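Take a look at the structure set out below.
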Amino acid sequence: MLALLQRNIRIYFGNIFGVIMSCLGALISFFIYIGFLQRTLEKSWGNIPHITEILDLWMLAGIVTIAGITTSFQALGQLVKDKETRTADDLSLTDTSLPTRNFAYILASIFVSLIMQIVTFTIMSIYFTAVDKISIPNNAYLLSSGFILLGAISATLVNGVITLFIHSYTTFSRLSSIIGAAAGFAVATYMPYGTLTTHAQTLVKLIPSSYEAAALRSILLDKVSPNFLTGNARTQMFNYLGVSFKIYGYRLARMDNAYMLLGMTALLTVIIIALSLTIAKSKNNV
């Protein structure tokens, strides 16, 4: 398993052009924001004090989460390639089980997702600090890294379930484009959570990465909004931006987001193991 894990990581980062394009793909939303949306949003919310700082940090949390989803899915393309080229059949001759081999791909993709999220967070925070003069609390970096890790794991497991059913790289490439476009809506970044319908909000809460985004928003905006917004105005802003979700009337705190991510991670792990065992059994019966 370790050898396969190292191989997959080496293949991904060995393709420098691919890594750069993956990074740019993750940052495309950032470029659109600073190039077209930022000033428009600032004007529409001009009555809110320090709106630039609030919007920048809100967008930072969302785009980092999107990067975790899209880059992990791209990294799992190696699994699809190996199935299409029958390399996976050669690997089956080793003494490792199919679930073990699948988790080697998943662990490699988690590593890729984690690194690319850190890169995205770093680039955006440097830009916002230099250009918009925002201030990110020092303790936010450590707290954010924990949720970025949880988000990388949960996003990769979701993508892992999807890729287990894909056997053609052409199909994978087309689906990758769809996921890249849909990820921003799925975690309520392209459209604020408060603008979504009730059904759309329910769908957002079914996506594990949404809880990473909410936790990052909470961490980054925690020290900002109390200085400018108080009482009901702060609550309304938090609800509108998706800083916290409400499930059956209960408002999730930051640690609740961590518990949701851990619970979904455990469930997805069981699903992948069950699917891998089922696929292995079907192949043995052929």
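The values are calculated or read from the model by the stated rules, or taken from the named source; none is laboratory data. Just so it is clear, the model here is predicted, and its values are computed rather than measured. Cβ: placed from backbone, ideal geometry, glycine included. Neighbour counts: every protein chain shown. Ligands, DNA and RNA are excluded from the accessible area calculation, which covers all protein heavy atoms including side chains. Shrake-Rupley method; radii C 1.70, N 1.55, O 1.52, S 1.80 Å.
Once the dipole of region 28-105 is set up with Lys and Arg at +1 and Asp and Glu at -1 on Cβ about the Cα centre, which of Q38, Y105, Q74 lies farthest towards its positive end? It is Q38. Of the residues D132, D82, D256, the one that moves most in a GNM of the chain with alpha-carbon contacts below 10 Å is D132. Rounded to the nearest 500, the 222 nm mean residue ellipticity of the chain from helices alone is -25500 deg cm²/dmol, with -39,500 (n - 2.57) taken per DSSP H run of at least 4 residues. Output the 0 to 90 degree angle, nearest 10, between the alpha-carbon long axis of helix 208-221 and the longest principal axis computed from the alpha carbons of the chain. Orientation of helix 208-221: about 30 degrees from the principal axis. Helix 231-241 and the longest principal axis of the C-alpha atoms of the chain enclose an angle of approximately 30°. Going Cα to Cα from K81, which aspartates and glutamates come in below 20 Å? Please leave out same-chain ones fewer than 8 positions away. Cα-Cα hits under 20 Å: D89, D90.
Ignoring lysines fewer than eight residues from K133 along the same chain, the ones with Cα atoms less than 25 angstrom from its Cα are K43, K223.
The aspartates and glutamates whose alpha-carbon is closer than 13 Å to the alpha-carbon of K83, local same-chain residues fewer than 8 away aside, do not include any residue. Taking R234, R174, R217 as the candidate residues, the one with maximal mean-square fluctuation in a Gaussian network model of the chain, Cα springs under 10 Å, is R174.
Which angle from 0 to 90°, rounded to the nearest 10, does the C-alpha axis of helix 254-285 make with the longest principal axis of the chain? Taking the Cα atoms of the chain, the angle to 254-285 is about 20 degrees. Solvent-accessible surface (1.4 Å probe) assigned to V270 amounts to roughly 90 Å². How many angstrom lie between the Cα centre of region 142-201 and the Cα centre of region 46-125? One Cα centre to the other: 9 Å. Considering only S244, S113, S72, the Gaussian network model of the chain with Cα springs below 10 Å gives its largest mean-square fluctuation to S244.
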